[in-house]
Amino acid sequence: MYQYQRTVLVCLLAFAFMAGTAAIQINAGEEAGCCISAGASGEKTVCPMTGGAKGAMAACEGCEAESCDGCSLCPYNLGSVVSDFTLPSGKAGSEGDFAALTSDAAATVVIFWNQDCPYVREAKDRILRFNSDYKGKKVAMVAINSGEKVGDEQIHEYAESFPLPLLIDRDGAVGKRFSATKTPQAYVLDENKTLVYRGAFDSGKNRTESGELERYVQNAVDSLLAGEKIAKAETKAFGCGITYPQ
């Protein structure tokens, strides 16, 4: 009898769990890169990248525009429009306005940066050469230092001679929206600030047998400027890990 009662109880609990799960619907849209969880009674809850329906986040590409109140912490996906933001500049006493820095750009490259990272140092000359070569093609480039690893004084000193705008994202709010986890991790935006590429800047040390580089960002920008489809819109980022405040 005990075994029978136990079996019935387990079945009832399983049924209740499945019923509760079925009552949750995830609405996907194209705007803010977040999820809205709609319960059985009709209430809606925003599920940001740091909490909420964790298992559902991977399947969500966005949410309906009219339902996006409170989505400021939700991550961007390919096809998301990146919002303007303002961060302290690496140059002491000034602010970095993303809208102003990229106002006339036909394409924008956002790259996450840590001057002490060996992967950044290895790629630095190639990144700065790309910036120099493409500045005349209306391509803007913005570097962002996210997280806790480098002190502000070090960044200020470094930024004085650094040719790119270098912004300080100390609390990681911007880095988290981009889902940035490595330096140097790169993102390409079109003229409307739509995210069209994310991943590594180039193949770096992972060269082909012939020693050639795959120039992921350059290829994406070239395709974008030519009005062509980007052949490789996402690659696996590699480099030094970004540490965000808890």
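Key figures
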{"item": "Region 86-241 - percent relative contact order, Cα under 8 Å, separation 6 or more", "result": "27"}
{"item": "Ranked list, fewest to most other Cβ atoms within 10 Å of each Cβ, for LYS176, LYS205, LYS124", "result": "LYS205, LYS124, LYS176"}
{"item": "Entries of LYS205/LYS236; LYS91/LYS205; LYS137/LYS182; LYS138/LYS176; LYS176/LYS236 with Cα pairs more than 19 Å apart", "result": "LYS91/LYS205; LYS137/LYS182; LYS138/LYS176"}
{"item": "Cα-centred dipole magnitude for region 119-201, charges only on beta-carbon of K, R (+1) and D, E (-1), debye, nearest 20", "result": "420"}
{"item": "Rotationally averaged projected area of region 116-246 (alpha carbon convex hull; nm²)", "result": "8.5"}
{"item": "Separation in nanometres of the label points that stand 7 Å from Cα toward Cβ, at LEU213 and LYS91", "result": "2.6"}
{"item": "Gained length - ALA231 relative to LYS137, 0.36 nm times residue gap less alpha-carbon distance", "result": "31.8 nm"}
{"item": "Difference of contour (0.36 nm per residue) and Cα-Cα distance, ASP84 to LYS193", "result": "38.3 nm"}
{"item": "GLU157-ALA100 pseudo-label distance in nm [points 7 Å out on the Cα-to-Cβ vector]", "result": "2.7"}
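Throughout, read-outs are computed from the coordinates displayed, never taken from laboratory work. No experiment lies behind these values; they were computed from the predicted model shown. Neighbour counts run over all protein chains shown; Cβ positions are idealised from the backbone, glycine included.
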